[in-house]
Amino acid sequence: MRLLIAVAVLFLLGVDRNVAAAAPPAPPQALASAVEGFQRGECAAHVMSLQQVAADPSPTGARAVLLLASCLASRRSHDDARRMFEAAASRHPTLAAYARVRAARAALEMGDTDAALRNLAALPRAGSRALVRRAAVLRGEALLGAGRPGEALSALAGFPNLDGADDETQFRVWWLRGQAAERAGDRAEAERAYAMAWWAFPGTPDETAAGLRLRVITGRSSPPVPAIARVKRARHLLRSGEPKAAEREFVLALRAPLPPAVAADTWYQLGLLRIGTPGAVDALRRAARSPIRAEETEYFLGVAYNAIGRRGDALAIWNRLAGRRPPSPWASRAFLNLGRWAEARRQWSEADQWYLRAAANTPQAPSADEARWRRGWIRYRNGRTADAERIFLEYGRAFPGTPRAPAHLYWAARAATDQGRDPRDLYRTVASRYPLTFYGQRARERLGMPLPLRPSVPKALELPEREFVEPHLELAGLGFWRDAAEEAAANLATESSPELRRMAGALWVRAGEPAKAVAAVEPLVVPALAEMQDADPELWDLAYPRAFWSELQVQAERYGVDPYLVLAVMREESRFDPEAVSPARAIGLMQLLPSTAQGILGTRLPPSRLMNPHLNIRAGVNYLAGLIRRYDGHMPLAVAAYNSGPGGVRAVRTLAQTDLDRFVESLPYAETRAYVQRVMQSYGIYRWLYQ
């Protein structure tokens, strides 16, 4: 008999539990009940049954040992939990490292540093990045607790890729390093470590304690701050939607020596913050002296020159960029911008030449795809329908897997109609080949075709009873969703198969992280949109989840908005990341500017408050509802205004009522044109999935 586990995609954070990517079959009752009870925080009732299953020498018995150990740890029976985790480590080969780390944690909870160090010393070399980092922190804590501060300091100084860890982990390492250095009598290192913990990671739990400790050992009420700590704090402030405070920290950091790579990145970030001022040019020129991110820096240096009216300097920079070998996609992006500027001035021939250069420079780059499209569009908008049709067909057939391919074929059909020919074959091609894309949905509307049938749900994963499988699958089978997701995510660094991406996405959803779930499967979405025959329901459920569904439904009903439109807006605005901050400083799930939120809520809130999902959704839905009312229920028009503001749609508002396709492609801002298509495409996919 096989142990069936359901790695079902039941969306947390308000996501509907009745819609899953796989139907969950029931595992054997003895273990399934325990897993379910553990998830509810009620594992005590299952201890006896787990002990009985644990007596079985099979892999199922080893899994029961690990569940039993976790149950004991949750009940704070740390010594019993430690012994049980050690037993699991000896019986469960693929989760031995995981069990050893859990055993060390249990030992430290009861102050047994010897047992903690013994388990960490027995740790197998194999393990995910997250597990290795967790073990490194525990080793530092254990050595410090054992009265061996010098060894603790050495161990923490060798923490693997500290800069790549999350802020909380980095803070913890620096905080422990400060304590270890202070006890070892290394005052200089203690000052440095406490300063990093105090200043580099604002908002962490012991930030104030680190600052107090620093003041004590320095005897100064305003201790000096290391330049690298200011850089880290600035990056954190940028992510938190506080650009002015971030700029101030970058400036202060650059007054002191920094490692060359860090200095180059700091000048680069400062330049981006100052776009539109001469200071941006100076900062980006300094950043461009470094070979790090050279092409990207040159591109934005051109943007900075152009933003202050020095177009000749911008053109010189971008032409130099175009001379790089191999060809740079940043050069294609620059040429695309030049083409758009010429098009805005109605200089059609010049625009076409820039678009041609962008398309030829790096044909597979996104900017080249857009440039090819605009070559056809400028002909169509000027009434040269035969030329437009020729270009649309040429590029649509030559680049069938690119995002703009459906637009090429759709507008070839429009051009054929304008010339008095039957467009239905072309519409059918778009509708069948790209059914869920914006233009695939538009083609189906024109033909009166429904969306394709939703694929059937695949069978659930089976976890073998007589053999062990990969760690992330084993952890998933025991309901340890976050640990399983971290293992799967770590595997993506060396293997990025579609199956592993879907699994990582499913596990992140179970762990309550829809943003990470969407990010895991994102690389699969564009190919799936282009090749529906290869799509599967797991992918669509993961890529288009009903995240924050309970809260969203309440606010959508309150303000009279279709909740699936809100989901589509939220997905395209933030990919469901509550802490997302855009380059324009829009914040949170619905990407609200602080000024917009203030107008809706009647009070100015700090960026951190706008990252609250409840508040952000309420304000965002309220604003979207107002736009829908303003434009008499015209959703694409309201969506365009949500992105660009009402001023961005004023010139083409009448066109929205007469020709939706032309309205979308005639919006004055490239970002808004793409945004409306993405949101309306997602809206159609959500309705296909859930209605």
- Task: Can you tell me the relative contact order of the chain? Whole percent, Cα pairs under 8 Å, sequence separation 6 or more.
- Result: 12 percent
- Message: For the chain, take the longest principal axis of its alpha carbons; what is the angle in degrees between that and the long axis of helix 294-307, to the nearest 10 within 0 to 90?
- Response: 50 degrees
- Message: What do you get for the angle between helix 385-398 and the principal long axis of the chain? Use alpha-carbon atoms, 0 to 90 degrees, nearest ten.
- Response: 30 degrees
- Message: Apply the Karplus curve 6.51 cos²θ - 1.76 cosθ + 1.60, θ = phi - 60°, to the phi angles in the stretch 683-690 and return the couplings in whole Hz, x for Gly and Pro.
- Response: 4, x, 5, 4, 5, 4, 6, 10
- Item | Sites matching trypsin sites (Lys or Arg not before Pro) across the stretch 565-661 that sit in DSSP coil, with at most 12 neighbouring C-beta atoms within 10 Å | Arg604
- Note on the structure: Of every Cα-Cα pair in the stretch 510-576, the percentage lying beyond 13 Å is 66 percent
- Using the Kirkwood radius built from alpha carbon pairs, what does the Stokes-Einstein equation give as D for the stretch 614-691 at 20 °C and 1.002 mPa s, in µm² per second? 166 µm²/s
- Message: Would you report the distance distribution of C-alpha pairs in the chain as whole percents per 20 angstrom bin, up to the bin with the largest distance?
- Response: 15, 43, 34, 8, 0
- Given unit charges at Cβ for Lys, Arg (+) and Asp, Glu (-), the dipole magnitude of the stretch 479-543 about its Cα centre in debye, nearest 20, is 200 debye
- Query: At each listed q (0.19 Å⁻¹), what is the log10 of I(q)/I(0) that the Debye formula gives for the stretch 414-531 modelled as equal alpha-carbon point scatterers?
  - Reply: -0.99
- Using only Cα atoms, find the angle between the long axis of helix 348-361 and the longest principal axis of the chain, and express it within 0 to 90 degrees, rounded to the nearest 10. 40 degrees
- Tell me which residues come under 5 Å, amide H to amide H, from Leu592 once H is placed; ignore anything under 5 positions away on its chain. Ile587
- Note on the structure: Exposure-ranked with fewest Cβ neighbours within 10 Å first, Thr658, Thr672 stand as Thr658, Thr672
- Task: Would you mind giving the average projected area, over all directions, of the Cα convex hull of the stretch 602-658 in nm² with one decimal?
- Result: 4.5 nm²
- Query: What number in nm² do you get for the stretch 479-543 if you take the convex hull of its Cα atoms and divide its surface by four?
  - Reply: 4.0 nm²
- Per-residue ellipticity at 222 nm for the chain, helices alone: DSSP H runs ≥ 4 residues times -39500 (n - 2.57), over residue total, nearest 500 deg cm²/dmol? -20500 deg cm²/dmol
- So what is Rg over Rh here for the stretch 549-690, counting just Cα atoms and using Kirkwood for Rh? 0.95
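Bear in mind these aren't lab numbers, they're just calculated from the coordinates by the rules spelled out. Treat the numbers as computed from the prediction; the structure is a model and nothing was measured. All Cβ positions, even for glycine, are placed from backbone atoms using ideal geometry, and neighbour counts span all protein chains on display.
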